[in-house]
């Protein structure tokens, strides 16, 4: 990933985490943070990953049924959902098992 994000510019990424493991998602987060911190680059990212949504200094827009809204990372539905699931997976699994 470090070789992929060397050039300055506008980076448009659509769910780049789709094929990544957790540790690879963390590596991508670091690479994107470094890219933006170096200056001269902007990242526009569409994601379902709470990891990638944590980019330093990001302006986060959450798409809802009513449109989009500016949102803090900790207030994102995807962050609250992941936290809830990781806190007690059985709450979700018992409903899925029918």
- For residues that are touching a helix residue (DSSP H, G or I) at 6+ places or on another chain (Cβ under 7 Å) and either assigned to a helix (DSSP H, G or I) or surrounded by 15 or more Cβ atoms within 10 Å (Cβ to Cβ) (or both), tally how many sit in the stretch 48-75. 10
- Note on the structure: Among 45, 78, the single one that is touching a helix residue (DSSP H, G or I) at 6+ places or on another chain (Cβ under 9 Å) and outside any helix (DSSP H, G or I) is 45
- Item | Condition check for residue 41: exposed (fewer than 14 other Cβ atoms within 10 Å of the Cβ) and on the phi < 0 side of the Ramachandran plot | no
- With (1) touching a residue at least 24 places away in the same chain (Cβ under 8 Å); (2) surrounded by 13 or more Cβ atoms within 10 Å (Cβ to Cβ); (3) touching a strand residue (DSSP E or B) at 6+ places or on another chain (Cβ under 8 Å) as the list, and residue 25 as the residue in question, which single condition is left unmet? (3)
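Every number in this text was worked out from the coordinates using simple rules, so none of it is lab data. Since this is a predicted model, take the numbers as computed values, not measurements. In this analysis, Cβ positions are derived from the backbone assuming ideal geometry, glycine residues included, and neighbour counts consider all displayed protein chains.
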